[in-house]
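Colleague: Next up is a structure, given as structure tokens.
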Amino acid sequence: MRFTLALAALVATCTVNAASIGTDLVTLQLSETDVRRVTVEEKQRLKKAGTNFIDITNADVPLNFDRNSDNTLGKRGLVYTYPSVLTQQKTVNYKLGLLDQYITKDLLQKITSFHTRFYDSEDGFKAAMWIRAELMNLINEKSLDRTVKVDYYNHKNWQQPTVIAKIPGQGPDTIVLSASLDSIAFTEMGSERFGSARAPGADANGSGAIALMETFRLLLTDSKIPLGLGWNTIEFHWYAASESGFLGSREVLSDYFVNDKLIAAILHLDKIGYHNPSGDRRFGVVMDQTNRDLTNFIELLILQYCNFGYTKTADDFASSDHTVAYGLGYPVARVMENSPDKMFRNFRTSEDVSEIIDFLQMDGFMRLAFSFIYELAHFDMGLYSWVENKKPEETEETEETEELDR
């Protein structure tokens, strides 16, 4: 792992060579089978046109998108299992009452106040520093610095680091809650000015980044998990460079793969803050490039803990960082705001501001994020399960909710 807290080292390794922009070649994966070698300028044009891709330039680990494989195997060759019965309702419901919209609004105002969070810019670097500083303040307030750690994952080719918070567990597996932290709006192609435009990125993806921060704050109020007494290790990932082909998540998760990191579940949050007035608030549960069993568990959490229902939806290839996790064989689920046709259309522009965010909708996604972390923190998803010998106890309330919301 290339973690570092030395800010000087981060800056020193990330000088932009403006003269080379537009002439260097990169390798992009645009579908399961379409891989192209293009110039940086061509990559920028594809991005501006709304074409999805994963930048796999110099990738150490190939991604597998075999449609004939369910891709449900964990790194150790096991099919991970997820709870069919939720066991932490009392604590989760109490903790969800501590969610604070004022904190959420304040954090969103701050993260959108950066001129841009472009991955290879000074402001993009400062945004990552700000996230880590906020997390460290929460840790230090509760004197949890011996167990809860927040580090930078230093990427050698650009300024912005990925931010990773870790809470150790007693078992071998790790659960991950992730979002991207960068933003972009477009200017002219093929110059050092690409990425310099005002890019508040409230929905894309300040909403996901802030949801992780508030979930982290809530988790630190627990009396046991922050002390390392949960079963699974918990990680929060704020990925750098998502808008440039998921460079940050690809490096981090490929590194985990090479080092045999056991990731049992990933929930990725991307574009979760906008409510289209033409319809009800809904979770968009993404069904492609995701793990079926984990997605079924996400649906169970929504029915039990959340204040609105969900829509099963498809999305394009490489629509978010979850595609990288899926390509590496990690069990991953993704949720977003409703379905693609009801999403905010002006993301990646200067119009993606905090005023378009619906904080009641944000509350629903944070309920899901916290319940995901808390339920799985108490569940062994590998060979042994703390509840596998217990019979499901479906309550009338749960069955009734499912009938209404599906």
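Colleague: Among the listed residues G248, G230, identify the single one that is at pLDDT 95 or above and in a loop (DSSP other than H, G, I, E, B). Full working, then the answer.
Modeller: On the way: G248 fails: in a loop (DSSP other than H, G, I, E, B).
Unique residue meeting the criteria: G230.
Colleague: Looking at the stretch 161-184, I want the residues that are surrounded by fewer than 23 Cβ atoms within 10 Å (Cβ to Cβ) and have a partner that is of a type in the set (K, R) and not in a loop (DSSP other than H, G, I, E, B) with Cβ atoms under 9 Å, at least 6 apart or on another chain. Which pairs are those?
Modeller: Pairs found: I164/K149; K166/K149; P168/K149; T174/K166.
Colleague: Another question, if that's okay. I want to confirm something. Restricting to the stretch 293-339 and keeping residues that are small (G, A, S) and touching a Phe, Trp or Tyr at 6+ places or on another chain (Cβ under 9 Å), which single residue is farthest from G273 (Cα to Cα)? It would help to see each step written out before you state the result.
Modeller: Residues of the stretch 293-339 that are small (G, A, S), as a first pass: 309, 314, 318-320, 325, 327, 329, 333, 339.
Still in the running and touching a Phe, Trp or Tyr at 6+ places or on another chain (Cβ under 9 Å): 309, 318, 320, 327, 329, 333.
Details: G309: 15, A318: 20, S320: 16, G327: 27, G329: 28, A333: 18 Å.
Filtering the stretch 293-339 for residues that are small (G, A, S) and touching a Phe, Trp or Tyr at 6+ places or on another chain (Cβ under 9 Å), the one farthest from G273 (Cα to Cα) comes out as G329.
Colleague: Any idea which residue in the stretch 70-123 is nearest to F372 (Cα to Cα), counting only those that are at pLDDT 95 or above and of a type in the set (K, R)?
Modeller: K95
Colleague: Among the residues of the stretch 330-345, is any touching a Lys or Arg at 6+ places or on another chain (Cβ under 8 Å) and of a type in the set (V, I, T)?
Modeller: Within the stretch 330-345, none of the residues are touching a Lys or Arg at 6+ places or on another chain (Cβ under 8 Å) and of a type in the set (V, I, T).
Colleague: When you scan the stretch 359-379, how many residues do you find that are of a type in the set (D, E, K, R) and over 19 Å from the mean Cα position of the chain (by Cα)? If you could, list the steps in order and put the result at the bottom.
Modeller: Of the stretch 359-379, the ones of a type in the set (D, E, K, R) are 363, 367, 375.
Filter again for over 19 Å from the mean Cα position of the chain (by Cα), leaving none.
Qualifying residue count for the region: 0.
Colleague: Quick one: in the stretch 265-305, of everything that is modelled with pLDDT of 95 or more, out of contact with any Leu (no Cβ under 6 Å at 6 or more places or on another chain) and small (G, A, S), which residue is surrounded by the most Cβ atoms within 10 Å (Cβ to Cβ)?
Modeller: Among those that are modelled with pLDDT of 95 or more, out of contact with any Leu (no Cβ under 6 Å at 6 or more places or on another chain) and small (G, A, S), it is G273.
Colleague: Looking at (1) modelled with pLDDT under 95; (2) out of contact with any helix residue (DSSP H, G or I) (no Cβ under 7 Å at 6 or more places or on another chain), find the lone condition where E355 falls short.
Modeller: Against the list (1) modelled with pLDDT under 95; (2) out of contact with any helix residue (DSSP H, G or I) (no Cβ under 7 Å at 6 or more places or on another chain), E355 comes up short only on (1).
Colleague: Also, quick follow-up: Considering only the stretch 277-330, how many residues are more than 18 Å from the chain's Cα centre (by Cα) and acidic (D, E)?
Modeller: Going through the stretch 277-330 one residue at a time, the tally reaches 2.
The values are calculated or read from the model by the stated rules, or taken from the named source; none is laboratory data. Worth saying up front: this structure is predicted, and the values here are computed from it rather than measured. Every residue, glycine among them, receives a Cβ derived from its backbone with ideal geometry; neighbour counts consider all protein chains shown.
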